[in-house]
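Laboratory data are not the source of any read-out in this text; all were calculated from the coordinates shown. This is a predicted model, so every value here is computed, not measured. Note that we place each Cβ from the backbone using ideal geometry, even for glycine, and neighbour counts take in every protein chain shown.
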Amino acid sequence: MKSLPEILFISTYPPRECGIATYTHDLIQAISTSYQDSFEIRICAVENSDQQHDYPTDPRCLLVADDTNSYIALSQELNSDKNIKLVVLQHEFGLFESHRTHLEALLNSIDQPIIIAFHTVLPRPNEDHKNLVKNYAKQAASLVVMTHSSAEILQRDYEIPAEKITVIPHGTHLLEHTNKEELKREFLLEGKTVLSTFGFIGKSKSIETTLQALPAIIQKIPSVIFLIIGKTHPNTVANEGESYRQFLEEMILDLGLQEHVRWINYFLPTPELLEYLTLTDIYLFTSNDPNQAVSGTFSYAISSGCPVISTRIPHVEEVLTTDMGVMIDFNQPQQLAEAAIQLLENKPLRTQMRINSLQSMAHSAWENSAILHVNLFQKMAGPVFQFKFRNPSINLLQMERLTTAFGMLQFSHINEPDPLSGYTIDDNARALIAMCEQYAVSESSNDLVLVRIYLNFIQFCQQPNGSFLNYVSYDRQFTTQNNEVNLEDSIGRTIWALGFVLSKQDSLPKSIVSQADMIFTKAILCIEDIHSTRAMAFLIKGLYYANKPENLALIDLFAKRLAAMYAHEAAENWEWFEHSLTYANSLLLLVML
């Protein structure tokens, strides 16, 4: 059997406790989950000579960053292995501090295309640093950065052409929304108002800014507790010991904050970290480094729905809008205190910030990051890779959560069902179509329960003349909205759903098909007077799926009306059925075909 082409990642990697190791692991997991039978990903783990990690699976190779011979050996190994088609380097200057020129020589000697992901991009470099980065870039087929500001710095300060740079935001985790108070109880924080920060402890995090702000915050909100999550950076321990942590501990004693600060002094596994972020009321990012290009900790906090108070590093200024958090100046505890008090005293504002954060960061989910990276791999390596996307598994959790014994509720707050929004036949018709498709695949009795619920709801909404009402309150009463809103679209969509059930008669139980047929037969007696564009399109779909010869005249009637609408509205520069484009536009073309 022919072996698959390989992509080699040169990076730190778990169990090494390092932000880039976590980043690379999450990225590779996302790529492996999203694509199948296309390629193999291998790891060249970056270590120092005084380190030796016990990897759960053996890496493809090692690069000992402070050993000159290791760079030479890696070059020889890569060039002798023709199955490696692409090399991806996760670059941070601190990883190669003592052997930067050897890294340059390695990049220069590798035969395969190289993609370099820069995790740090320093503005206004001195001449040596500028030349180093330019030489790295010269050897690379492409450069990846995580913010547009970093891309601008590479172009402006390093004279690297824009076409060589790709911006792919730092990946984030899509989280199942869980109850904050339940998590607080689990972590012995019940009744507490939680502020938190996480990551390796070091002077650049300026945790003292928060400690200095805490007395003013506690005076207003006595329930506040500040979680400092993470251990001291290993490099800091090697060079300075725990002097910074001791400085913070002394400050906590001096300010009398012992009951309001909790240390979580270890490198948290990602699932546990995300739980801490979920229970956090405000996340504090107080970096005092104005040149910090990107922060994974900030990205994870935003994607966890945390309202954020942050200093103004480029990454934050690019992402954090005023409806998601507050920006403060460096080393300004008074600004931090004022911002925290304002947010903590306004729960509706924090709730809205949470929703805004979750929505704004969806595009940067690891699943989307994987697609952007693979698109770049394809571009750089050409036809050697035949990428095959793996469809994600179907997740019915939210449908089940929204569905009561009566029908599917109309809205939710994030993922918490909103009973006050009531029900609509629109949503239940959509749900019926989806679950008929799902049952044809799964043949699960649980899926069949949902099919029956949605079909029963449609029957409940049918009126004596065969038509349908759309809006039903949670206590199962038809609402006044039915008198205020044009119902033709919802009627059309319902006919579509009923016709779709009839088209699945070979897979669905006869009782369900018979019930749908009875509702459908009664409904089509009163649809001739419908003239709404999309409603007619929905009707054509339903009549088509029902596949009854006696309905051909109705299909012809609605198709001719749509054709007449096109003839009336179309012009030389406007070939369309209506005077504007609104929603579900492809539907009109589909039904005419």
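Describe numerically, in nm with one decimal, the distance between label points set 7 Å from Cα along Cα→Cβ at residue 529 and at residue 108.
Here the answer is 8.4 nm between the modelled labels.
Counting each DSSP H run of 4 or more residues in the chain as -39500 (n - 2.57), what helix-only mean residue ellipticity at 222 nm follows after dividing by all residues, to the nearest 500 deg cm²/dmol? Please list the in-between numbers first.
On the way: 24 runs with 284 residues, N = 593.
Calculated at 222 nm, the ellipticity per residue is -15000 deg cm²/dmol.
Report the extension gain between residue 138 and residue 570 in nm, rounded to one decimal, defined as 0.36 nm multiplied by the number of residues separating them, less their alpha carbon distance.
On the way: separation 432, 0.36 × 432 = 155.52 nm, distance 5.32 nm.
Extending this stretch completely gives an extra 150.2 nm.
For the pair residue 321 and residue 355, how long in nm is the line joining their label points, each one 7 Å along Cα→Cβ?
The two pseudo-label positions are separated by 1.4 nm.
For a test of the definition: using alpha carbon positions, the gyration tensor, and the 1.5 limit on a/c, classify the stretch 180-362 as rounded, prolate or oblate. Walk me through the intermediate numbers first.
Working: a/c = 1.32, a/b = 1.17, b/c = 1.13.
Taking the square roots of the gyration eigenvalues as a ≥ b ≥ c, the stretch 180-362 is rounded.
Would you mind checking the pairs 164/231; 85/134; 85/130; 180/220; 134/231; 231/379 and listing those with alpha carbons more than 32 angstrom apart? Write out the running numbers ahead of the final one.
Details: 164/231 37 Å; 85/134 24 Å; 85/130 29 Å; 180/220 22 Å; 134/231 35 Å; 231/379 40 Å.
The answer is 164/231; 134/231; 231/379.
Would you mind getting me the FRET efficiency between residue 176 and residue 54? Use the beta-carbon distance for r and R0 = 30 Å, nearest 0.05. Intermediate results must be reported in sequence, preceding the final value.
On the way: r = 31 Å, r/R0 = 1.04.
Efficiency for this residue pair is about 0.45.
Between the stretch 62-113 and the stretch 330-407, what is the separation of their alpha carbon centroids in Å?
Computed from Cα coordinates, the inter-centre distance equals 34 Å.
Amide H of residue 328: which non-local residues (sequence gap of 5 or more, or other chain) have their own amide H closer than 5 Å, using H built in the peptide plane?
Here 310, 311, 312 satisfy the definition.
List the aspartates and glutamates whose alpha-carbon lies under 15 Å from that of residue 347, not counting same-chain residues fewer than 8 positions away?
Once the sequence-local aspartates and glutamates are set aside, what remains near residue 347 is 181, 281, 323.
Once the Cβ-Cβ distance between residue 331 and residue 445 is put in as r, and R0 is 45 Å, what FRET efficiency do you end up with, to the nearest 0.05?
On the way: r = 62 Å, r/R0 = 1.37.
Once rounded, the FRET efficiency stands at 0.15.
Excluding residues fewer than 8 places away in the same chain, name every one of the lysines whose C-alpha is closer than 29 Å to that of residue 548.
Within the straight-line limit of under 29 Å, residue 548 reaches these lysines: 504, 510, 522, 560.
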